[in-house]
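Read the structure below first, then the notes.
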Amino acid sequence: MRLDPADPAFSHDPYPYYARLREQGSAARVELANGTHAWLVTGYEPGRAVLADPRFSNVPPQRAGRPKPNSPARRARACLARHMLNTDAPDHTRLRRLTTAAFAPRRVDALRPRIDRLATGLIAGLADRLSAGETVDLVDAFAFPLPILVISEVLGVPEADRADLREWTYRVGSPADALPKGAVDEAWVRLHAYVSLLIVEKRRTPGEDLFSVLIDDSAEDALDDGELLAMAFLLLFAGYETTMNLLASASLLLLTHPGELTAAQRHPDTHWAAVVEETLRYDSPLEGATWRRATRTVHLGGGAVIPAGDSVLVVLAAANRDPQHFPQPDEFRPSRYLAATDAQRPAPHVAFGHGPHFCVGSRLARLEATTALPLLFDALPDLRLAADPTQLPYRPGLLVRGPRTLPVSISR
């Protein structure tokens, strides 16, 4: 089966395609739009198995063919090649250990008051624009800036620099055709220069933030400069990408399922958490895990044999709609996470992955969503979708998922 991740129809609703792949067994070999082939794993059990199997490596293969011309933007992008999602044990174990403590429950939960204040400020600005009769993009005005501001707080980015950081990050995360020529490359260069200077500054005057902790070179397993740059980019992008898509998708689902919104507002202590979990399952903000490569021939079960060297992608969004583990998987039903007994509760979703590469920021993403969504809908009870939901454009590709824009207005 041929797959074009850039096809707008596929981006908007890839689930029927994934369901057909799931019927083929544990894994299906597909032809991608660029002419290459890869194995997609769309079932829940096979997906968890691959994510925990050391025979599948996260280290990208060496690029073949003629090298591309060198440039400052290309060098900046190359920093990402050393981040911990592109490593295996023992390197991955060392890099992950350095970040796990910073995302410990106590430290994450202590951010709640600050998240509350940041979200309240954004909502106030949003409310002013809506009251003036504007139609506002909820992604641009709320779902994107909130996690950028929060992860800046975690990393220790000075407040005076956060507007620039937000702009550069927006550019590098946007499709190239959505911006003026050269804007993405310029943003990469500026980000690289800024993070390099931030490393120097944090070494000179360290604080209590995560970046200062990572820069501490007194530890036996301290990061070198290249690893620091890679870690900074990873935490920055991972810190906003998942939460941005989670906030945008949850808002869209609540605007199109008013009964679920009413239930959450009537029972805030239990239902908001259920809304967030069901959004993570129903419309996973990470569509796929990072690409993996089989280091040897793997018999995955169900007749699927993956040759050594082949690329494999576990599609988290598809695994979370596996009907063998989630009854009525194509229905948005937060109540499934309110079951009274363990026997009634659904299987744990894999929106944050599984195994050694399980997302270290999952608790922070949940905290941001369960804090910000009630504030948004309580402050704006007349908020409504200002576009046909079937026509909303989605992020292209196989790794992240969420609406690119979410126009909203208020009822008058």
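The values are calculated or read from the model by the stated rules, or taken from the named source; none is laboratory data. Since the structure is predicted, the reported quantities are computational estimates derived from the model, not experimental observations. Cβ placement follows ideal geometry from the backbone for every residue including glycine, while neighbour counts extend to all protein chains displayed.
If we scan region 50-61, do we find a residue that is at pLDDT 90 or above, among the aromatic types (F, W, Y) and either more than 22 Å from the chain's Cα centre (by Cα) or in a helix (DSSP H, G or I) (or both)? Among the residues of region 50-61, not one is at pLDDT 90 or above, among the aromatic types (F, W, Y) and either more than 22 Å from the chain's Cα centre (by Cα) or in a helix (DSSP H, G or I) (or both), which makes the answer no.
Please indicate, with yes or no, whether at least one residue in region 148-167 is of a type in the set (D, E, K, R) and more than 22 Å from the chain's Cα centre (by Cα). Checked against the condition, which is being of a type in the set (D, E, K, R) and more than 22 Å from the chain's Cα centre (by Cα), region 148-167 yields at least one hit. Note on region 104-194: enclosed helices (runs of 4 or more DSSP H) holding 2 or more residues that are of a type in the set (V, I, T) are 112-131, 145-155, 162-172.
When E260, E278, E287, E331 are checked against the criterion of being within 30 Å of A27 (Cβ to Cβ) and not in a loop (DSSP other than H, G, I, E, B), a single residue qualifies: E278.
Of D378, D382, all but one fail to be closer than 30 Å to T262 by Cα, surrounded by fewer than 17 Cβ atoms within 10 Å (Cβ to Cβ) and touching a strand residue (DSSP E or B) at 6+ places or on another chain (Cβ under 6 Å); the exception is D382.
Within region 207-217, the residues that satisfy the criterion of being within 19 Å of V150 (Cα to Cα) and not small (G, A, S) are E208, D209, L210, F211, V213, L214.
Only one of the numbered conditions (1) more than 21 Å from F144 (Cα to Cα); (2) not in a helix (DSSP H, G or I) is not met by R336, and that is (2).
Scanning region 385-412 for residues being in a helix (DSSP H, G or I) and touching a strand residue (DSSP E or B) at 6+ places or on another chain (Cβ under 8 Å) gives a total of 0.
In region 1-43, the qualifying residues are those that are among the hydroxyl-bearing types (S, T, Y) and touching a Pro at 6+ places or on another chain (Cβ under 6 Å), and the one that is surrounded by the most Cβ atoms within 10 Å (Cβ to Cβ) is S26. When E287, E227 are checked against the criterion of being modelled with pLDDT under 95, closer than 19 Å to P46 by Cα, surrounded by 20 or more Cβ atoms within 10 Å (Cβ to Cβ) and touching a helix residue (DSSP H, G or I) at 6+ places or on another chain (Cβ under 8 Å), a single residue qualifies: E287.
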